[in-house]
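Peer 1: Can you read through this structure? Questions will come right after.
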Amino acid sequence: MIVLLLKQRVTIDTKLLFETLVHRYTKPDGTAPLVSVRGKSEIGALVSFSGIDIFVGIRDQVLETPGLDWAAPEITRWHWPDAYTVCRDHRAQVIVSAEAPHRHPPTLAKVMAAVAGAIAYLYPTEVLGGLWDWNVVSSREMWVRDSALMFRPFPEYPTHLWVSHLLYRDRLRTDGVVVVSRGLARFMGREAEVAGPSAHAAKLSECCVGLTQYLLHYGNVVKTGDTIGRSEQERVRVTLRTSDRFPNLAVVAATI
């Protein structure tokens with residue numbers, strides 16, 4: 001589920017929304033769109049992506065008291081400084097959800113992100129940001145930009161609307177850091193965790209993002225001792241275990 005955070009209530013023009021959705025994902029050569037829409041109504045539509053039909057529902061609500069107050073926007077400040085303020089002060093929400101039992105979870109995520117991004121694109125003054133599964137919050141600008149890339153082939157499509165990556169000092173080693181995902185467990189039951197020296201923090205972050213993308217695309221198919229990555233250059237050996245750093249957190253762990 002995606003919750004778009006609004007300055008004020010807006011009535012979604014679903015006809016215009018789904019026309020925009022098809023237009024945004026038409027192939028570069030102008031042939032048949034990557035996404036098609038039928039059965040449009042005020043509450044949603046049946047969206048078809050690569051022959052998979054997914055019902056996407058849309059509903060809006062006005063908040064009697066403004067905002068949300070929980071940890072997700074606080075830890076998002078490093079990439080969106082206004083996250084906490086927007087979550088605290090917004091006055092209305094548009095909720096995008098999808099129903100398609102037994103479908104590949106990232107496919108559902110892509111379609112929902114495409115719809116939410118189209119709403120953010122159409123209502124630039126009302127939409128302030130978006131919240132994925134009550135877990136990852138991003139700015140309106142990020143939703144518009146990255147949702148437009150949702151149907152690119154692996155590993156080109158973005159995943160940070162669904163999963164964020166946080167950098168911490170590593171209490172288990174001197175001058176060490178650890179990067180851990182937040183949100184991957186909603187897809188496969190584990191987070192990604194990559195540890196190494198602080199001098200290689202950028203490389204650790206990139207490795208954790210690559211590990212996340214691999215696991216989202218291929219699913220929970222890895223086992224301890226496997227070597228995986230988006231490319232030969234990024235391949236790392238992983239261990240499936242409970243984190244030594246974060247209590248009771250199941251992880252796919254790697255060390256560089």
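Taken together, the values in this text are just the output of simple stated rules run on the coordinates, not laboratory data. What you see is a predicted model, and the numbers here were worked out from it, not measured in a lab. Glycine gets a Cβ as well: all are built from the backbone with ideal geometry, and neighbour counts include every protein chain shown.
Peer 1: Can you spot the aspartates and glutamates whose alpha carbon is less than 17 Å from residue 27's alpha carbon? Ignore those fewer than 8 places along the same chain.
Peer 2: Reachable aspartates and glutamates: 19, 146, 156.
Peer 1: Another question, then. Among 202, 180, 213, whose Cα lies farthest out toward the positive end of the dipole of the range 154-256, if unit charges sit on the beta carbon of Lys, Arg (+1) and Asp, Glu (-1)?
Peer 2: Farthest towards the positive end: 180.
Peer 1: Report, in whole Å, the centroid distance computed from the Cα atoms of the range 1-62 and the range 147-195.
Peer 2: Centre-to-centre distance over Cα atoms comes out at 27 Å.
Peer 1: Further question: List, in order, the whole-Hz ³J(HN,Hα) value for each residue of the range 177-185 obtained from phi through the Karplus relation with A = 6.51, B = -1.76, C = 1.60 and θ = phi - 60°; use x for Gly and Pro.
Peer 2: Per residue, the Karplus-derived 3J(HN,Hα) values read 9, 9, 10, 10, 7, 9, x, 5, 4 Hz.
Peer 1: Please identify the helices of the chain, taking whole runs of DSSP H, that span at least 18 Å along their own axis as judged from the Cα atoms and have a mean Kyte-Doolittle score of 0.5 or higher.
Peer 2: Span-like helices here: 105-122, 201-218.
Peer 1: In which sequence would 156, 193 go, from the one with the fewest C-beta neighbours within 10 Å to the one with the most?
Peer 2: With the sparsest Cβ surroundings first, the list reads 156, 193.
Peer 1: Test of the criteria: in the range 127-168, which chymotrypsin sites (Phe, Trp or Tyr not before Pro) are in a DSSP loop and have at most 16 other Cβ atoms within 10 angstrom of their Cβ?
Peer 2: 134
Peer 1: Also, I was wondering about something else. Taking the highest mean first, how do the peptides 86-92, 203-209 order by number of other beta carbon atoms within 10 angstrom per residue? Numbers along the way, then the final one.
Peer 2: Numbers: 86-92: 18.4, 203-209: 20.6.
Result, highest mean Cβ count within 10 Å first: 203-209, 86-92.
Peer 1: Something else: Considering every Cα-Cα pair within the range 76-215, what fraction, in whole percent, is farther apart than 18 Å?
Peer 2: 59 percent
Peer 1: Express the relative contact order of the chain as a whole percentage, based on alpha carbon pairs under 8 Å and six or more residues apart in sequence.
Peer 2: 15 percent
Peer 1: Test of understanding: what is the full-extension gain from residue 203 to residue 16, defined as 0.36 nm times their sequence separation minus their Cα-Cα distance?
Peer 2: Taking residue 203 through residue 16 to full extension adds about 63.1 nm, to one decimal.
Peer 1: Grab the eigenvalues of the alpha-carbon gyration tensor for the range 164-255, scale each by 5, take roots, and send me the semi-axes largest first in whole angstrom.
Peer 2: Taking √(5λ) for each Cα gyration eigenvalue gives 19, 15, 12 Å.
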